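Structure first, commentary second.
The values are calculated or read from the model by the stated rules, or taken from the named source; none is laboratory data. Worth saying up front: this structure is predicted, and the values here are computed from it rather than measured. Here the Cβ is made from the backbone with ideal geometry for all residues, glycine too, and neighbour counts use every protein chain on show. SASA here: full protein model, heavy atoms, side chains in, ligands and nucleic acids out. Shrake-Rupley method; radii C 1.70, N 1.55, O 1.52, S 1.80 Å.
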Amino acid sequence: MDRFQSIRKVDLHTTDGIPAITTTFAKRKRHSYAVGCLEQHNQTSLLQFMAPLERKSLESVTASRIAHNSASAGLSSRDPGSTSRDSTSLFKQDHHVPELLAGRGGSKRRNCPFYKWIPGKLCSLDCCFGSTACYGAIPGCKGYFLSHFHSDHYQGLKGSFEHTIYCSKVTANLVAKCLKVRSEYIFPLPFNAPQVIDGVEITLLDANHCPGSAMFLFRLRSGLNYLHTGDFRATRAMQGFPELCDCRINQLFLDTTYCSPEHDFPEQADAISFVVRKTQEALRRNPSTLIISGTYTIGKEKVFLAISETVGSKVYVGKEKMGLMYCLEWEQLVRALTLDPHGARVHVLSIGELTLDNLSSYLEQYRHKYTAVLAFKPTGWTYRSKCSLAAIQAQTRGAVTIYGVPYSEHSSYSELREFVQFISPQKVVPTVGNGSEKNRLKMQQHFALWLTSESHAIARQTTLEDSLFKGLQ
């Protein structure tokens, strides 16, 4: 039976008889620009080689412009119409996108960025949904994919949006509750269960970012495969995902929030252990200490849940926050929460509220029970690679102590490197920090070096062998 025919179809336009795709890891090729860098041997040539791949404005790029710039950069001559599978041909495919994305709101709307558009099929990911100041409804777009419920990804989405949104069940719950989008336009997809939508096989994979966050694996009928990470925290466990071990990725849309060597913070488990240890030390010194953990709309739940388990206390959240927590369908978390601030030693506040002045005022509300505050701000921005957890210094004033904890829900630099080497894509598209040509070139330099590392092939083969071995157990 054809492999696609065995997958539940979610679109009536999907047809049977789609040819199977051969994607064994044995046929995986190295990134073409990385191979080119090996041939060039020096950094100057490396930058020249990558320059044609990233333009300040995709809207003005034409096939002749690409050919001209490639020639000026010292690249081998290629037929602009060539379909050879290399970085240039893929970029040529990308440069047609802006013509499809012109908004209907005139100059008030921007074009949808190239890194939010899946080449070859009319679908976009984490666009600013319907905002007249952003991209608006994209002409010809057949599907909108939302990776998770953070405002920088759903900006502009509101109840009047009348196009199909694909996302995880948890994200669907939050979109319906908070943004009042009508249920007929929200289509939740399961994790690790391929679905066929308009002839494209789509699989959601856990992104390890916030509850409900998903990576999207798009497998086109043409044989091209695209992986969009959304926001994610890469882990070794992802290298055991069968969907990724058995798939050659042509383009990887990568969360590059921390794509710089100084952002090499500890693993989440180590950061949580630090929080637990500091909590225990504080309570031994002063049992009348109120513990506060910072959070976003959603995210950082693992931190305050660990504190709750350590001190044996409920976690106080406000009424609005409680409503969001029920949307997460996380029973263990919900059981730990309470709306009674006086019945919990652990309180949750927005990370932005965790200042010395604010917490001093907050403590005054509970002076009858607590004499000190210990607060944690969990974010990767508080950390640099030359610093250790043991060297972290607290902010202290009077009875208030605040620790910036390098607990991040984005991948560190070394985690990004290992993930890219595992995926071994033909092309990497950065989705964060790509607003300038300088930044794009710098990130492309990192990608090229990662993919030409001597340890790359060995690391990839070892990971696959480990995954296969586990599958046989």
| Condition broken by Val373, with the remaining ones in (1) at pLDDT below 90; (2) in a strand (DSSP E or B) satisfied | (1)
| note | Within the range 305-330, the residues that are open to solvent by 70 Å² or more (accessible area, probe 1.4 Å), assigned to a helix (DSSP H, G or I) and within 23 Å of Lys278 (Cβ to Cβ) are Glu309
| query | When the range 407-439 is examined, which residues are found to be in a helix (DSSP H, G or I), open to solvent by 10 Å² or more (accessible area, probe 1.4 Å) and out of contact with any His (no Cβ under 7 Å at 6 or more places or on another chain)? | reply | Ser414, Glu415, Arg417, Glu418, Glu437, Lys438, Asn439
| When only residues in the range 167-193 that are touching a Leu at 6+ places or on another chain (Cβ under 8 Å), assigned to a loop (DSSP other than H, G, I, E, B) and not small (Gly, Ala, Ser) count, which is nearest to Ala237 (Cα to Cα)? | Asn192
| Of all residues in the range 197-236 being among the acidic types (Asp, Glu) and in contact with a Cys (Cβ under 9 Å, 6 or more places away or on another chain), which is nearest to Phe422 (Cα to Cα)? | Asp231
| field | Filtered residues of the range 396-405 (kept if at pLDDT 95 or above and either touching a strand residue (DSSP E or B) at 6+ places or on another chain (Cβ under 7 Å) or closer than 17 Å to Ala306 by Cβ (or both)) | value | Ala399, Val400, Thr401, Ile402, Tyr403
| request: Kindly indicate whether any position in the range 212-219 is charged (D, E, K, R), buried (at least 19 other Cβ atoms within 10 Å of the Cβ) and assigned to a helix (DSSP H, G or I). | output: no
| request: Just need a number here: residues in the range 272-304 that are under 26 Å from the mean Cα position of the chain (by Cα) and assigned to a helix (DSSP H, G or I). | output: 8
| said: Suppose we filter Leu205, Leu244, Leu227 for residues that are in contact with a Phe, Trp or Tyr (Cβ under 8 Å, 6 or more places away or on another chain) and assigned to a helix (DSSP H, G or I); which single one remains? | reply: Leu244
| field | Scope the range 256-280; condition within 15 Å of Arg345 (Cβ to Cβ) and open to solvent by 10 Å² or more (accessible area, probe 1.4 Å); matching residues | value | Val276, Lys278, Gln280
| Are any residues in the range 331-378 within 25 Å of Cys210 (Cβ to Cβ) and open to solvent by 70 Å² or more (accessible area, probe 1.4 Å), and if so, which ones? | Glu331, Gln332, Arg335, Leu339, Glu353, Asn358
